[in-house]
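Colleague: Take this structure, written in C-alpha cells, and hold onto it; I'll ask about it next.
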Amino acid sequence: MSNYHIKNFPEYFHIYRNSVRNPELFWEEIAEEHFLWREKWNKVVSWDFSKPEIKWYEGAKLNITENCIDRHLYTNGDKTAIIFEPNNPDEGALHISYKELHERVNKMANVLKSYGIKKGDRVCIYLPMIPELAVSLLACARIGAIHSVVFAGFSSTALSTRINDSDCKMVLTSDGSYRGTKSIELKSIVDEALENCPCVETVLVVERTNTPITLKSGRDFLIAPLLDAASNDCEPEIMDAEDPLFILYTSGSTGKPKGMVHTTAGYMVYTAYTFKNVFQYIKGDVYWCTADIGWITGHSYIVYGPLANGATTVLFEGVPNYPNYGRFWEIVEKHKVNQFYTAPTAIRALAKEGVEFVDHYDLSSIKILGTVGEPINEEAWHWYDDNIGKKKAPIVDTWWQTETGGVMITPIPFSTPTKPTYATLPFLGIQPVLMDDAGNEITGNQVDGKLCIKYPWPSIARTIWGDHQRFKETYFSTFKNMYFTGDGALRDEVGYYRITGRVDDVIIVSGHNLGTAPIEDAINEHPAVSESAIVGFPHDIKGNALYGYVTLKETGESRDHDNLRKEINQIITEQIGPIAKLDKIQFTDALPKTRSGKIMRRILRKIASNDMSNLGDTSTLLNPEVVQDIIDNVL
Ligand code: WTA
C-alpha cells in the first residue's frame, strides 16, 4: 500500500531503488492494489527494444472507464468529477458528478454504437474544451473504439491528414468554438476536411455556439436529440491490456505527423499513479490543468489520471486573457483550486501583464504548482513561485512527452527539494540515462548528453499507427536498446536533470511541438518559393519563435516582400494551423549547404538567434559566401 503514495524524500529514494531493482514486482503491486481488473495478467512486462515490442500486464482484462467512473459510483457518486468553466464567466460553471458523468458517457457510447462504431474502430474527435470532449473520449473507451483527438486549432488540411492516416469512421465535432472574444466555425473546417476523407461515414455535431451549419444528409447529425433518446446504461467492452486505447498525433522532424498509439492497461496504471504522486492528490482536492485535451497533457492529466483517482478536475473552455489577464486567478479563487498545472509560455505571458491581475484574487487554496511542455526559464519560475505559490507551493517541473504517456522526470512535491529550471529526478520506475554521440552512456554527474530511457515503463507508446518501422527508426535506432527522447539534458552535481531542449528538427513554440519539415513543405507550395528552411529563435513569451529563410524562384525581380510574407503565413495557416505561423521571414538568394546538399541549419539557427560568434567552419560549405549575405540582411 505504502508504495502508492510517496510522502517524503527518504521514502522516494527507498521506493525508487526498489522500483528499478525489481520493476516487475513494483509495477505488479501498484496495479494489483489500486485498479479494477476483470482478469489478472499472466506477465507484468515483456519487452524487446530492438524490435521494438513492449507489453505490460499481458493477459489482463479490463475497461478503463470502469476504473475512471463506475468504481467511484458507490462511494463517491455525488462527488464532482468535472467542473466545467465556460469561456464566458457569466455563463456560470457546471459541476458534473461521477453519477452524471457515468450517464453521459453511457449515453454517448450508445449513440456511437447505434452508428455502427465497435471495438477497434477509429473515431476522430475535433471538439473544443467542453464537457462533450471528455465524455467522448470516455465513450469511445467504454465500447473499445480507439479515439484520435485532433486539437481544434488545426486546419482542415491537418485534420484530413490525421483522419485519413488512421481511417476514422466517424468524426465528433461542434458547430463552433469560443476562444475569448472570437468564435471559430469548427463544423465548416470539418466539412472542408471531409472533401478528402472517404473513410468517414458519420459526423455527429454538438451545438455550442449556435452558428448556422449545414448538415450533409445521411452523414451529419446533431447529437443532442440522439443523446436524449439514448439509454444511460452501457455495458463496458472488456478489453485486453494491450488493446489500443487511443491514437494521438505528434509532429516529427520529417514528413507527416506520427500517430502515437497508447494501449489500455499500462497507460491507465501509469497516468493514475503519476497523477496521485506528482500532484499529491488527496480526497477533496480540486485540481486544474489548463492544457487542451487535444494534447497528451489533457488526455493524461485532465481526463484519465485524475478520474482514475476519483478526483475533481477542472475543464476550462477559454483563454487566459479573457475577459482579462486575471481569468486564471479568478477561476482558482472561485473553485478553490489546490493543484494548478500550466505551461511556461502561459506563465511568461501572464507575468508580462504585471501582478495587479494576480493580487486581486485569493490564491490561498493553491498547494502545488506544475509546469509542462518546454523548459521553464529562471525568471518565469521565480515569478510563478513568488506571485502564485507565494513561496509556499512547490513547483513541479514535469518533463515528459506524447510518446511517454505520463510524467517521467519530476520532483515529488514536499519531498524533492526543487531547483529552478530543473525537472530534478526520475519518477518511480523510470531509468533515464545520458548518451554521447558515439553511443556510450555518460556516467557520473555534472555532465550533459542526449536523454534516453533504458527500461520500459507502463505507458510508453507501443507503435506509430500504420508505421512500426518509423517507430523503430525514430526512437529505438539512434542508441542500441534505448528509448531515445530527442531531447538533450544535463545532470548536475547531485544528479538532478535539466532538460536543455530538442536535439532534432522539432521546435517547441508556446509549448506546441512543431516539426520543421511540414512547415517547409507548406511554404514550398507557394508558387514563388524555391526553397525554405525553418529554425527556432528565442522568444520572451513563446519560448521559441519560428524564423524562415526563403529563396524565391525568380530573384532579381522586385517583389512585394511584405505581401509574400503574408501569403506564406496564410499557406501555413491553411496547411497546419495558426500555431505554426512564422514570426520572421528573411528572403535570401541561397541557403548555406554542405557539399552533399544538406541545408546547414546549425548556422541558420545561430544567425536567427543573433549569435554570430562561433559560426564554426563555414569554408567546407558548398557556398560559403551566402553566410555573410544572410548575416548582413538578418531581421
Ligand atoms: C518538451 C508534452 C523541458 C521536451 C507533455 C519534450 C519539456 C517535448 C518539459 C514533448 C519540461 C516537455 N522541461 N522540456 N518540463 N516538458 N518538454 O509531446 O522537448 O507535446 O520532448 O508532450 O516537450 O512535448 P509533447
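The values are calculated or read from the model by the stated rules, or taken from the named source; none is laboratory data. Model, not experiment: these values are computed from the prediction. As a convention, Cβ positions derive from the backbone with ideal geometry for all residues, glycine included, and neighbour counts pool all protein chains shown. These accessible areas exclude ligands, DNA and RNA; they are computed on the full protein's heavy atoms, side chains included. Shrake-Rupley method; radii C 1.70, N 1.55, O 1.52, S 1.80 Å.
Colleague: Which residue pairs have Cβ atoms closer than 7 Å, lie 6 or more positions apart in sequence or on different chains, and pair a first residue in region 437-466 that is over 14 Å from Gly495 (Cβ atoms) with a second residue that is open to solvent by 80 Å² or more (accessible area, probe 1.4 Å)?
Modeller: Gly439/Lys480; Pro456/Trp47
Colleague: With respect to Tyr549, determine if the residue is open to solvent by less than 40 Å² (accessible area, probe 1.4 Å) and either within 16 Å of the ligand (Cβ to nearest atom) or of a type in the set (D, E, K, R) (or both).
Modeller: No.
Colleague: Another question, then. When you check Asn544 against the structure, is it closer than 23 Å to Ile630 by Cβ, without any contact (Cβ under 8 Å) to a residue 12 or more places away in the chain and more than 9 Å from the ligand (Cβ to nearest atom), yes or no?
Modeller: Values: closer than 23 Å to Ile630 by Cβ: yes; without any contact (Cβ under 8 Å) to a residue 12 or more places away in the chain: no; more than 9 Å from the ligand (Cβ to nearest atom): yes.
No: the conditions fail for Asn544.
Colleague: Go through the residues of region 439-451 one by one and say whether even a single one is open to solvent by 30 Å² or more (accessible area, probe 1.4 Å) and under 24 Å from the mean Cα position of the chain (by Cα).
Modeller: There is at least one residue in region 439-451 that is open to solvent by 30 Å² or more (accessible area, probe 1.4 Å) and under 24 Å from the mean Cα position of the chain (by Cα).
Colleague: Would you call Leu434 buried (at least 21 other Cβ atoms within 10 Å of the Cβ) and away from the ligand (no atom under 12 Å from the Cβ)?
Modeller: Here the answer is no, as Leu434 does not meet what is asked.
Colleague: So in region 383-405, with the set limited to residues that are on the phi > 0 side of the Ramachandran plot and surrounded by fewer than 22 Cβ atoms within 10 Å (Cβ to Cβ), which one is nearest to the ligand (Cβ to nearest atom)?
Modeller: Looking at residues that are on the phi > 0 side of the Ramachandran plot and surrounded by fewer than 22 Cβ atoms within 10 Å (Cβ to Cβ), I get Lys391.
Colleague: Does Glu66 satisfy the condition of being more than 28 Å from Cys168 (Cβ to Cβ) and modelled with pLDDT of 95 or more?
Modeller: Answer is no for this residue.
Colleague: Of the residues that sit in region 353-378 and are within 15 Å of the ligand (Cβ to nearest atom) and not aliphatic (A, V, I, L, M), which one is nearest to the chain's Cα centre (by Cα)?
Modeller: Gly373
Colleague: Can you tell me which residue within region 235-258, out of those that are part of a strand (DSSP E or B) and β-branched (Val, Ile, Thr), is nearest to Thr416 (Cα to Cα)?
Modeller: Within region 235-258, the match that is nearest to Thr416 (Cα to Cα) is Thr250.
Colleague: Another question about this same structure. Specify which of the listed residues (Gly305, Gly266, Gly284, Gly252) is farther than 29 Å from Thr181 by Cα and either open to solvent by 10 Å² or more (accessible area, probe 1.4 Å) or without any contact (Cβ under 8 Å) to a residue 24 or more places away in the chain (or both). Can you show your working first?
Modeller: Details: Gly305 fails: either open to solvent by 10 Å² or more (accessible area, probe 1.4 Å) or without any contact (Cβ under 8 Å) to a residue 24 or more places away in the chain (or both); Gly266 fails: either open to solvent by 10 Å² or more (accessible area, probe 1.4 Å) or without any contact (Cβ under 8 Å) to a residue 24 or more places away in the chain (or both); Gly252 fails: either open to solvent by 10 Å² or more (accessible area, probe 1.4 Å) or without any contact (Cβ under 8 Å) to a residue 24 or more places away in the chain (or both).
The conditions single out Gly284.
Colleague: Given the condition at pLDDT below 95 and within 25 Å of Thr416 (Cα to Cα), answer yes or no: does some residue in region 347-354 qualify?
Modeller: Yes, there is a match, as at least one residue in region 347-354 is at pLDDT below 95 and within 25 Å of Thr416 (Cα to Cα).
Colleague: Report whether or not Ala517 is closer than 30 Å to Glu53 by Cβ and surrounded by fewer than 22 Cβ atoms within 10 Å (Cβ to Cβ).
Modeller: Judged against the criteria, Ala517 is a match.
Colleague: Here is a check on your reading of the model: is Glu201 farther than 30 Å from Trp399 by Cβ, out of contact with any strand residue (DSSP E or B) (no Cβ under 7 Å at 6 or more places or on another chain) and open to solvent by 60 Å² or more (accessible area, probe 1.4 Å)?
Modeller: On the way: farther than 30 Å from Trp399 by Cβ: yes; out of contact with any strand residue (DSSP E or B) (no Cβ under 7 Å at 6 or more places or on another chain): no; open to solvent by 60 Å² or more (accessible area, probe 1.4 Å): yes.
No, not satisfied.
Colleague: Can you confirm whether Thr463 is among the β-branched types (Val, Ile, Thr), surrounded by fewer than 24 Cβ atoms within 10 Å (Cβ to Cβ) and more than 13 Å from the ligand (Cβ to nearest atom)?
Modeller: Yes.
Colleague: Still on this structure, I have one more. Name the one entry in Leu159, Leu172, Leu133, Leu112 that is assigned to a strand (DSSP E or B) and more than 20 Å from His72 (Cα to Cα).
Modeller: Leu172
Colleague: If I go through region 343-352 residue by residue, how many of them are in contact with a strand residue (DSSP E or B) (Cβ under 7 Å, 6 or more places away or on another chain) and open to solvent by 10 Å² or more (accessible area, probe 1.4 Å)?
Modeller: Looking only at that region, the number is 2.
Colleague: Can I ask one more? Taking into account only those residues within region 479-511 that are away from the ligand (no atom under 14 Å from the Cβ) and more than 19 Å from Val447 (Cβ to Cβ), which is least open to solvent (accessible area, probe 1.4 Å)?
Modeller: The extreme case among them is Asn481.
Colleague: Determine whether Pro420 is in contact with a strand residue (DSSP E or B) (Cβ under 7 Å, 6 or more places away or on another chain), not polar (S, T, N, Q) and not in a strand (DSSP E or B).
Modeller: no
Colleague: Whether any residue in region 240-257 is under 23 Å from Arg327 (Cα atoms) and within 13 Å of the ligand (Cβ to nearest atom) is what I want to check.
Modeller: Looking for residues that are under 23 Å from Arg327 (Cα atoms) and within 13 Å of the ligand (Cβ to nearest atom), one finds none in region 240-257, hence no.
Colleague: Among what's in region 368-382 and is farther than 24 Å from His299 by Cβ and in contact (Cβ under 8 Å) with a residue 40 or more places away in the chain, pick the residue that is least open to solvent (accessible area, probe 1.4 Å).
Modeller: Initial filter on region 368-382 (farther than 24 Å from His299 by Cβ): 377-382.
If we keep only those that are in contact (Cβ under 8 Å) with a residue 40 or more places away in the chain as well, we get 377-378, 381.
Working: Asn377: 57, Glu378: 100, Trp381: 16 Å².
Applying the filter and picking the extreme gives Trp381.
Colleague: For region 311-327, state whether one or more residues are under 17 Å from Thr297 (Cβ atoms), without any contact (Cβ under 8 Å) to a residue 40 or more places away in the chain, open to solvent by 10 Å² or more (accessible area, probe 1.4 Å) and not basic (Lys, Arg).
Modeller: Yes, region 311-327 has at least one match.
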